Structure formats: structure tokens, C-alpha cells
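Student: Would you mind keeping the following structure in view while I ask a few things?
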Amino acid sequence: MTSTIGQRIQQQPLSVDEFLALYGNDNRYELIDGEVYDLEPTGLHEEVSAFITTKICVQIDAESLPWLVLQRGLLRPSNTDMTAFRPDITVVDRDELIKEPLWADQSILTLGSSIKFVVEVVSSNWQNDYARKLEDYAVLGIPEYWIADYAGLGGTRHIGKPKQPTLSICALVDGEYEIQQFRGTQAIVSATFSGLKLTAEQVLRAGR
């Protein structure tokens with residue numbers, strides 16, 4: 001029997017194939033170390049995600065980049081059979097998709113080299129965004145990772161005290177992320193999208 005406690009669904013560990021059979025058609029769920037997590041987005045969570053997506057799509061179009069943007073696309077790292085992430089936003093390099101073994105049939109990414117940029121909009125399962133995914137996305141070689149904590153949910157060791165809405169921009173340097181944090185009216189700095197003219201507040205309040 002399955003029960004839901006917070007965002008994690010307690011059950012026997014699943015392999016990725018078992019997860020796909022049960023949840024593959026529902027982008028509300030992801031798998032981490034065999035455990036299924038319900039992403040359960042709020043309305044503001046979706047607004048923040050949509051706002052960022054809109055802004056980066058404009059940048060991609062303006063620069064005629066061969067990239068596409070996925071919302072909750074499935075990332076199945078090739079080095080594990082127990083994890084399948086669903087980043088809120090993933091920017092994919094079309095030119096790299098020819099190397100993806102599952103893309104044509106299942107629209108699943110397995111290689112970090114296909115991904116230019118990823119965003120997680122923080123929900124109540126913030127520990128995964130600040131710890132596990134931070135490590136795994138770095139190992140995969142994803143150049144830039146945003147953690148958009150619009151409600152200041154992260155632990156104080158991640159966003160300080162008092163807790164407040166924070167945009168953490170993680171840039172990959174020598175295999176590890178260097179993290180810059182932006183709050184309030186601070187202008188954000190993105191190596192991937194240098195043309196973005198936004199403050200942290202604009203991003204975290206979805207342009208409100």
C-alpha cells in the first residue's frame with residue numbers, strides 16, 4: 001500500500017523502468033534513489049517557472065541558438081538505474097540529441113552534454129534541489145543550474161538567516177558549482193543568458 005507523507009511517496013524502491021511503467025505519463029512525479037516524489041506544484045510555483053521559460057525563450061530566439069526548452073522533461077542519468085529527475089525547466093542543445101539513445105522513442109534525456117541550463121523552482125522537497133540535484137547536475141556537467149526559491153523555503157545553511165526569497169545561480173567551474181545568490185532588486189548575472197535584464201525579485205515574483 002502506498003501512502004503520501006509530504007512530497008515523498010513511501011513504497012518499496014522502484015527501478016527507473018518500474019517508475020516509467022507506473023508514472024511515466026505523469027510529469028508530476030520524479031524518482032530519486034528508488035523513491036518516488038510528488039512534485040505537487042503550487043500556482044505561484046508554476047507562474048515562476050512559466051516566467052523564466054518565457055524570458056529564456058526570448059533570449060534563445062534573439063540569438064538564433066539551436067536550443068529548445070522543456071518543462072518537466074525527464075532526465076535519466078545513464079550511470080544509475082534508480083533515478084529519473086524532472087527539472088522544472090531544461091534547455092537542450094538540439095545538435096546533441098543525435099547522441100541520446102532514448103530521445104527518438106521516449107523523449108528521455110540521459111546525457112548531461114545535451115543540457116545547457118536547468119532550473120528547479122523550490123517546493124517543500126527543497127532538500128533535493130539544494131543538495132542531491134546540486135551534486136548530480138554538476139557530475140552530469142550541466143553548465144548552469146538555477147534554484148528559484150520564491151518562498152524562502154530552503155534551510156538556513158543554504159539561504160541564510162532570516163530566510164527570504166533567493167535565486168541561487170550555480171555556474172560549473174572545474175566540475176563543481178560556484179554559487180551566487182541574488183535577492184530583492186539585485187540584477188541577476190547568468191553566463192548562459194547574458195542578455196537577461198532582470199532582478200531577483202522579478203524572477204521570484206514571476207514579474208508581478
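Student: What order do you get for 78-85, 30-37 when each peptide is scored by the mean count of other beta carbon atoms within 10 Å, highest first?
Tutor: With the highest mean Cβ count within 10 Å placed first, the list reads 30-37, 78-85.
Student: Over the stretch 1-149, what relative contact order in percent results from Cα pairs under 8 Å that are six or more residues apart? Working shown, then result.
Tutor: Numbers: 244 pairs, mean separation 29.0, N = 149.
This gives 19 percent for the stretch 1-149.
Student: Still on this model: May I ask you to compute the full-extension gain from E135 to Q186, defined as 0.36 nm times their residue separation minus their alpha-carbon distance, rounded to one decimal in nm?
Tutor: On the way: separation 51, 0.36 × 51 = 18.36 nm, distance 2.61 nm.
Fully extending the segment from E135 to Q186 adds 15.7 nm.
Student: Let me ask you something else. Taking each full run of DSSP H in the chain as one helix, which ones are at least 20 Å long along their axis (Cα atoms) and have mean Kyte-Doolittle hydropathy of at least -0.5?
Tutor: Sorted by number, the helices that extend far enough and score high enough are 43-62.
Where a number appears in this text, it was derived from the coordinates with a stated rule and is not lab data. As the structure is a computational prediction, the values presented were derived from the model and not from experiment. Neighbour counts are summed over all protein chains in view; Cβ atoms, including those assigned to glycine, are modelled from backbone coordinates with ideal geometry.
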